[in-house]
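Peer 1: Supplied in structure tokens, the structure appears directly below.
The values are calculated or read from the model by the stated rules, or taken from the named source; none is laboratory data. Fair warning: this is a prediction, and the values are worked out from it, not measured in the lab. Every residue, glycine as well, gets a Cβ built from its backbone with ideal geometry; the counts of neighbours run over all protein chains shown.
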């Protein structure tokens, strides 16, 4: 892996002075995972029959093995998720949640495995005695932040409909790796080394640190017999072995026994249900884009961004990226960055106002993505940046809600798969921040996804849509995406990315790269990241040139170069076969036959 140091803060501030741009306000959240390098020279993978793409080569190999055995896309996904639980524990796992989009050749389905809040929580969960919100780390570490894990129930629900291989067979690669061990990668080593809280957790310290208390060296063989035993139980007994019995009791004991105790109960675990929801789909030029509905904001925000850009009648296709001498090899055109960031600003303003768990709050999804509404929003795109967008008023909107002003957070992973029969999956899966709540149980980490709720339940006497409520699912930015041809109905691509609230921008960038700029999947993944979460304009440090920054500043943008640790996985149709790309900022790979 070729190391690529991202610009530290002092370098960024120095550049700010020399280029004359303004530093955006300090409310900009940091990425959920640290950068660990940029791999130059990656080429797209090709296949004629089937393909998988995941955030770690061992996971991709497990998924491909399932496809070679005649398995379906969901079979491959289950095998990949179990291996990721072991080899990429900082990002996702069975102690977290996820969203699955599935194409069976006839229809798109959305499986919601998002965590839920325990039944006894109140909306003041993250408020201090004086009524102010808790500092994020104080809320994250320990049991308070743990939601009821959902990813296993979602995988089981999808497997019941589309699985071809036996459930127990899908756990074999992860069980073998957990027992025999796997070499600590450069990325895992870097994430361990950068986390000061691991040393404060005896269970995590025994697992991730050596005898001297130092991070395990790259190449160290790491075994996890406890996780192997947990997987064996789930393989033999199904997901019930996780939600009841010894594993469930261990989770509850950890959460309730921590100094920062949470409220997870055995009843919460027994009662959890994954849900099948209607996907959010809409047209973009010659394509149909499908994404996740609430409680994810990803599908709505991506459709809004693309719809606003199309309604603006700007010729994005003519704004192809330029050749660059940066490790990415390409740089987006300044006008493209301007237009996309402005459209994202509008989408994020609506996200903060209206998006939440639709089982608890009426979310006007159709109105937010209606062509007439997006055309009105597009009128706000001008020559100069609006800097801060205000929410619009779509038809049927609940104006009695206050906007969510919580910091935009979320560690995550993405995987995609296409099988021999053309069934396809896009799945984004997460434990929230890096290493989740830092509670390790039976070999896996528990999530801290309750911190995705608004810490502040009300503003100005109005409730915030994404406030904490019992049984509710916190708002997410995860955006697994499937793309289809509007003329033939054929699947065009499966993609998605980790990256917290920046996921939406990463997926927008990749979609525009693939569809408007006709980049191959690897080029689309390589492309420097940029965008806006309605908190300034972000560009990727050391991949954005001073010339790009100066031009954006001239158009009124508050520009912040920053680490933008995406983890894009893309599979795209190429003739009668498939082409795949993996993000150079992480260690993933696309594999196929």
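Peer 1: Surrounded by fewer than 19 Cβ atoms within 10 Å (Cβ to Cβ) and part of a loop (DSSP other than H, G, I, E, B): does that describe residue 359?
Peer 2: Against the criterion (surrounded by fewer than 19 Cβ atoms within 10 Å (Cβ to Cβ) and part of a loop (DSSP other than H, G, I, E, B)), residue 359 qualifies.
Peer 1: Sticking with this one: Which residue is farthest from the chain's Cα centre (by Cα), if the candidates are limited to the range 129-185 and must be at positive phi and at pLDDT 95 or above?
Peer 2: As a first pass, look at the range 129-185 and keep what is at positive phi: 131, 142, 181.
After this cut, where a residue has to be at pLDDT 95 or above as well, the list is 142, 181.
Working: 142: 22, 181: 27 Å.
By that ranking, first place goes to 181.
Peer 1: Would you mind stating whether residue 79 is buried (at least 20 other Cβ atoms within 10 Å of the Cβ), more than 17 Å from the chain's Cα centre (by Cα) and closer than 30 Å to residue 449 by Cα? Show your work before the answer.
Peer 2: Numbers: buried (at least 20 other Cβ atoms within 10 Å of the Cβ): yes; more than 17 Å from the chain's Cα centre (by Cα): yes; closer than 30 Å to residue 449 by Cα: yes.
It is true that residue 79 is buried (at least 20 other Cβ atoms within 10 Å of the Cβ), more than 17 Å from the chain's Cα centre (by Cα) and closer than 30 Å to residue 449 by Cα.
Peer 1: Out of everything in the range 484-505 that is buried (at least 24 other Cβ atoms within 10 Å of the Cβ) and under 22 Å from residue 73 (Cβ atoms), what residue ends up being farthest from the chain's Cα centre (by Cα)?
Peer 2: 493
Peer 1: Now, a different point. Just to be sure I understand, how many residues within the range 291-319 are under 23 Å from residue 111 (Cβ atoms) and assigned to a loop (DSSP other than H, G, I, E, B)?
Peer 2: Here the count works out to 5.
Peer 1: Still on this structure: Would you confirm whether or not the range 508-529 contains a residue that is at pLDDT 95 or above, in a strand (DSSP E or B) and either surrounded by 23 or more Cβ atoms within 10 Å (Cβ to Cβ) or touching a strand residue (DSSP E or B) at 6+ places or on another chain (Cβ under 9 Å) (or both)?
Peer 2: Of the range 508-529, the ones at pLDDT 95 or above are 508-529.
Keeping just the survivors that are in a strand (DSSP E or B) gives none.
No: zero hits.
Peer 1: Still on this model: Applying the selection to the range 50-68, what residues are closer than 17 Å to residue 567 by Cα and surrounded by fewer than 24 Cβ atoms within 10 Å (Cβ to Cβ)?
Peer 2: 57, 58
Peer 1: If you go through the range 187-219 one residue at a time, how many are under 19 Å from residue 58 (Cα atoms), under 24 Å from the mean Cα position of the chain (by Cα) and surrounded by fewer than 15 Cβ atoms within 10 Å (Cβ to Cβ)?
Peer 2: Total meeting the criteria: 0.
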